[in-house]
Structure formats: C-alpha cells, structure tokens
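Derivation of every value follows stated rules applied to the coordinates shown; laboratory data play no part. Note that the structure is a prediction, hence the values are computed from the model and not measured. As a convention, Cβ positions derive from the backbone with ideal geometry for all residues, glycine included, and neighbour counts pool all protein chains shown.
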Ligand SMILES: NC(=O)c1ccc[n+]([C@@H]2O[C@H](COP(=O)([O-])OP(=O)(O)OC[C@H]3O[C@@H](n4cnc5c(N)ncnc54)[C@H](OP(=O)(O)O)[C@@H]3O)[C@@H](O)[C@H]2O)c1
Ligand SMILES: [Zn+2]
C-alpha cells in the first residue's frame, strides 16, 4: 500500500499533525491530483477550530490547491493525466439535492467544500470531483495560482458584482490574503482604491499593491476618513472582526454598499439609522459555483497582472505558516510547497 505525507487535524482545536496515510483512489467521477501547492486561507480555521457543524475528523484541510492530474476515476472522460488543475472552496455538487437530482448540478443547494466535506490539499495527493476542477493558465505558476482559487476568486467576484462602477471610491478593509487581492483588483477594475489596515506596517506595501489612499485604522477613524473622501460606494470587509467591520459602516456614500466576505462569529453592531438615511446596504458574499468561476479570476489576473504576494513554506511547516497567517504576519498569503 503506497503512503503519502499529509497534515491533518484530528479533532476541533487540535494541533496540526504531519502523518503518513494511504494515497487515496479516485472513485467514479473523481480525479486524483498530485499536489504542488496549497494556500493557507483564514477559512481553514473552520476545520482547525471546528467552527462548522458536522465536520468528520481527522480531516486534511486546504482549499487553494494546485497540482497535476495523476489518475482518473472510471467515469472521467473529459480530463487527461498530466493536466495542471486547481481546486478551490467549492468541491463540486452534492449530487443529493433537488437540483442535482434533476441534472442541474450548477445550481446545487449544498455543494461540497474542499478540505471540509472531504480531505483537501495539505497533502501530497488528493481526490476531487471532476466538476470541481479548473485549468490553470500557463502564464501563472502554481504557487501564485493557488491563492487565486479562493482569496482571488472571492474578492474579484465580490467587486465585479458590486454596485461600484469605474471611478467610484472603493475601500478594502483588512490587508491579508483576501484584502491584498482586493486592493489589486479594485485598482485594476478602475476604482479609486482605499486600503484600511491597523497600524503603519502595511502602508508601503498597500501603495505598491495599487492603493490610492491608505488609512491607518488605529490612529484614525476609518468612517470619518472615508466620509472626508466623499464616502465609499463599496467597502469590502475582509477583516475577521465584527467590531472592526461595524466601525466602517458610516463611511459609505449615499446608496453605498458594505460587502462582507469575512466570517467572524460575533454579531455586527449598527443601528437601522446608520443605513436608512444614506440608503446604505449590507451584503454578504461568497462566489457561487456555477456563476462566479475561478477561471474568471485567473483570466483577469493574467490580463491585469494582479497576482498574489506570497510566502512559501514546506508542508512540514504548515502549523507555523498557519500561525503566521492567523496573527496577520504573513505578506500576504502563505502557500505550502508540496510536490514538484
Ligand atoms: N466569503 C467567502 O467566500 C470567503 C472566502 C475566503 C475567506 N473568507 C473569510 O475572509 C476572512 C479573511 O480571510 P483571509 O484569508 O484574507 O485572512 P487573513 O489573511 O488572516 O487576513 C485578514 C486580515 O484582517 C485583518 N484583521 C485580522 N484580525 C483582525 C482584528 N482582530 N481586527 C481587525 N482586523 C483584523 C488583518 O489585516 P490588517 O493587519 O491589515 O488590519 C488581516 O491581515 C476570514 O474570515 C475568512 O474566513 C471568506
Ligand atoms: Zn478560502
């Protein structure tokens, strides 16, 4: 029996463990991927800390996965061995809900989640449904492609489906994995781009990423500063802290939109009056499998040159890379280097 190296979480809140486990076999509709790179997303905390109900442990996290197809399941005819592919948060249709039963998996009501419903990319090999995979363009290397499959896709689709139009003021709150892609995409999409971050540490890099304006939220009130600039048509909240998100609502312009992609557990706090006078709205956002495709974010990155800024770690250092991400010290996405 062939074994592979993998990093797993054996129970909610447990430490990462580097283990040897059996290389998985692809079933009917699945392919096996020899993993080259896997990004470490803040969303992996869901598995590490057990924030989602019903996760089966032990579980291998990782939903920003790039590698090459190494084996095909018996019913797979549309993919070939050797092809470089990526798998993101959406792990494919559940094949059980009404839409799936009616042969419309693009509208699946409860899609599978990579690294949560099934083992993900903190491993030398993983299996994925054939519908979950995306071709990686030749222009992007595997390490830079990996974060585009979640951080990139989420922020790109949030912005391009938002109320903002070219020239509008758009603020990106929190400069981490998602935020640093948000700044680049906002700039490349033609918005006046404002970066909101705690302290001065990231100011220079924020300008390099394309921000027109930088606001240090520790020394200035971000809502007041945005108002001085005319108010934001869109604020994209990526900081996983409800208090920090609540503090920016007053920075919207008339008909402004707060788009929340961060997923903190505590309630946000605001009064109805903060929204109604300025007709503000709050919208949650996640990319939908059929509509907001990873290909679109990858292609936009190729066209625009918006690529992640990454720090690469070997698989054995997954725990310290995750810790660096959780303490906002990574610039700006940690990516595991797993195979050739
Ligand atoms: N909606 C979706 O589909 C989707 C997809 C992926 C991720 N997510 C969620 O999006 C959030 C961001 O993910 P990520 O991978 O970008 O995380 P990350 O790399 O850890 O970045 C988060 C950033 O938020 C800021 N921040 C962190 N803690 C904070 C606090 N206590 N108060 C204020 N600001 C704080 C920091 O930026 P500064 O240092 O610049 O302040 C940090 O760099 C997470 O909640 C994740 O679960 C959602
Ligand atoms: Zn993610």
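Please arrange 2, 78 by how many other C-beta atoms lie within 10 Å of their C-beta, fewest to most.
Sorted ascending by nearby Cβ count, the order is 2, 78.
Find how much the distance from residue 340 to residue 270 grows on full extension, using 0.36 nm per residue of separation minus their present alpha carbon separation; answer in nm with one decimal.
Stretched out fully, the residue 340 to residue 270 stretch lengthens by 20.3 nm.
So what is the 222 nm mean residue ellipticity for the chain from helices alone, if each DSSP H run of at least 4 adds -39500 (n - 2.57) and you divide by all residues, rounding to the nearest 500 deg cm²/dmol?
Taking each H run of at least 4 residues, the total per residue is -6000 deg cm²/dmol.
Expressed as cubic angstrom per residue, what is the convex hull volume of the alpha carbon set of region 162-284?
About 90 Å³ per residue, rounded to a whole number.
Hey, could you grab the Kirkwood Rh for the chain? Inverse mean 1/r over distinct alpha carbon pairs, Å, one decimal.
Kirkwood radius, the chain: 20.4 Å.
Helix 294-304 against the longest principal axis of the chain: what's the angle in degrees, Cα atoms only, rounded to the nearest 10?
Taking the Cα atoms of the chain, the angle to 294-304 is about 60 degrees.
So for the pair residue 11, residue 286, with labels modelled 7 Å out along Cα→Cβ, what separation do we get in nm?
Going from the residue 11 label point to the residue 286 one covers 2.7 nm.
For region 232-340, max minus min Cα coordinate along each principal axis, in Å, sorted largest first?
56, 32, 24
Relative to the longest principal axis of the C-alpha atoms of the chain, give the angle of the C-alpha long axis of helix 177-188, reported between 0 and 90° and rounded to the nearest 10°.
Value to nearest ten degrees: 60.
If each residue of separation counts as 0.36 nm, what is the full-extension length gain between residue 229 and residue 141 once their alpha-carbon separation is subtracted?
27.9 nm
State the extension gain, in nm to one decimal, for the chain segment bounded by residue 97 and residue 18, taking 0.36 nm per residue of separation less the distance between their alpha-carbons.
Full extension from residue 97 to residue 18 adds 24.9 nm.
Against the empirical 2.2 N^0.38 Å scaling, what ratio does the C-alpha Rg of region 81-159 come to?
The value comes to 1.17.
What three numbers, in Å, describe the spread of the alpha carbons of region 98-214 along their principal axes, ordered from the longest?
Reported extents, whole Å, longest axis first: 48, 35, 29.
Compute the label zone of residue 83 within region 1-44: residues whose backbone N is under 13 Å from the point 7 Å along Cα-to-Cβ.
30-33
For the chain, modelled as a GNM with alpha-carbon contacts under 10 angstrom, which of 138, 15, 44 fluctuates the most?
Answer for the Gaussian network model of the chain: 138.
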